[in-house]
1. Evaluate the distance, in nm, between pseudo-label points positioned 7 Å from the Cα of F69 and of I213 along their respective Cα→Cβ axes.
2. What whole-number value in cubic angstrom gives the convex hull volume per residue for the C-alpha atoms of the stretch 74-213?
3. On a 20 Å Cα-Cα criterion, which of the cross-link pairs K93/K120; K102/K145; K142/K200; K116/K158; K131/K158; K111/K171 come out too long?
4. Report the gain in length on full extension from D193 to A77: 0.36 nm times residue separation, minus Cα-Cα distance, nm rounded to one decimal.
5. Starting at the first residue of the stretch 155-168, write each ³J(HN,Hα) from the Karplus equation 6.51 cos²θ - 1.76 cosθ + 1.60 with θ = phi - 60°, in whole Hz, x for Gly and Pro.
6. Set the Förster radius R0 to 35 Å, insert the Cβ-Cβ distance between N181 and E202 as r into 1/(1 + (r/R0)^6), and round the FRET efficiency to 0.05.
7. Report the FRET efficiency, 1/(1 + (r/R0)^6), for I136 and K110, where r is their Cβ-Cβ distance and R0 is 22 Å, rounded to 0.05.
8. If each residue of separation counts as 0.36 nm, what is the full-extension length gain between T165 and D150 once their alpha-carbon separation is subtracted?
Amino acid sequence: MKKWRLYRKFYKKIIYYEKRTYRQDENRRNHHLKTKLKSTQKKKSTWIEWGKSILFAIIGVAMIKTFVFAPFVVEGASMQPSLLNNDRIVVNKIMMEFSSVKYGDVVVIKKPDDPKYYVKRVIGLPNDTIKVENGILYINNKEQKEGYLDHTLLEEYKQLNYTETEIPSHKVFVMGDNRLNSIDSRTGLGDIDVSSIVGKAEFVFYPFNRVRIIN
């Protein structure tokens with residue numbers, strides 16, 4: 001009987017230690033799972049934050065491109081020597097909301113009935129009179145000095161003439177700097193409605209050896 005009680009006591013101690021060991025193991029497993037879960041949640045949270053940042057960046061770029069600045073490619077030689085074929089330019093689109101077009105502005109034009117974009121220089125403003133005699137530009141009967149033209153072609157430009165015309169309200173008169181090779185207000189585009197001006201060309205950003213502000 002005494003021996004039986006000893007066995008029983010010993011058995012209870014074994015059970016007790018087994019339960020305690022099991023609880024300790026269980027606690028360790030739970031702690032490990034909690035730590036792993038926290039780590040997973042932290043990583044997930046980090047990825048979510050990165051995803052949000054990238055999404056906001058994409059939205060920001062899209063909004064800037066849509067409403068503020070946009071890249072354009074110059075096609076053709078009509079703006080030489082100021083702009084060359086395949087020059088990449090940045091166009092300020094918001095300027096049309098806060099300021100008026102000025103003489104000499106280089107602008108991007110998109111007419112409603114024409115799928116093509118044109119890069120031209122503003123020569124005349126609403127209600128101005130424009131004419132070209134022997135290659136010389138007159139605005140409101142005043143001779144204009146055009147420093148942006150290719151001076152090696154001035155002799156050839158003397159063959160150019162354009163009958164005096166008055167620019168209607170809300171329209172502008174545009175020409176390419178390469179007067180002998182340009183589709184503009186003289187040669188098919190006609191007077192340009194101010195609402196057809198996408199924005200002002202601000203600077204060339206590519207090729208890198210031509211990076212500069214557009215005057």
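1. It works out to 1.4 nm between the two label points.
2. Numbers: hull volume 15.2 nm³, N = 140.
Normalising the Cα hull of the stretch 74-213 by residue number yields 108 Å³.
3. On the way: K93/K120 15 Å; K102/K145 16 Å; K142/K200 25 Å; K116/K158 30 Å; K131/K158 13 Å; K111/K171 12 Å.
Long pairs (Cα-Cα over 20 Å): K142/K200; K116/K158.
4. Details: separation 116, 0.36 × 116 = 41.76 nm, distance 2.34 nm.
Gain on stretching D193 to A77: 39.4 nm.
5. Computed from phi, the couplings for the stretch 155-168 are 5, 5, 5, 5, 7, 8, 9, 9, 4, 4, 9, 9, 7, x Hz.
6. So the FRET efficiency works out to roughly 0.90.
7. Values: r = 30 Å, r/R0 = 1.38.
The value I calculate is 0.15.
8. 2.9 nm
Every number here is computed from the coordinates shown, using simple stated rules; none is lab data. Everything quoted here is computed from the prediction, not taken from an experiment. A quick note on method: Cβ atoms are made from the backbone with ideal geometry, for glycine too, and the neighbour counts reach across all protein chains shown.
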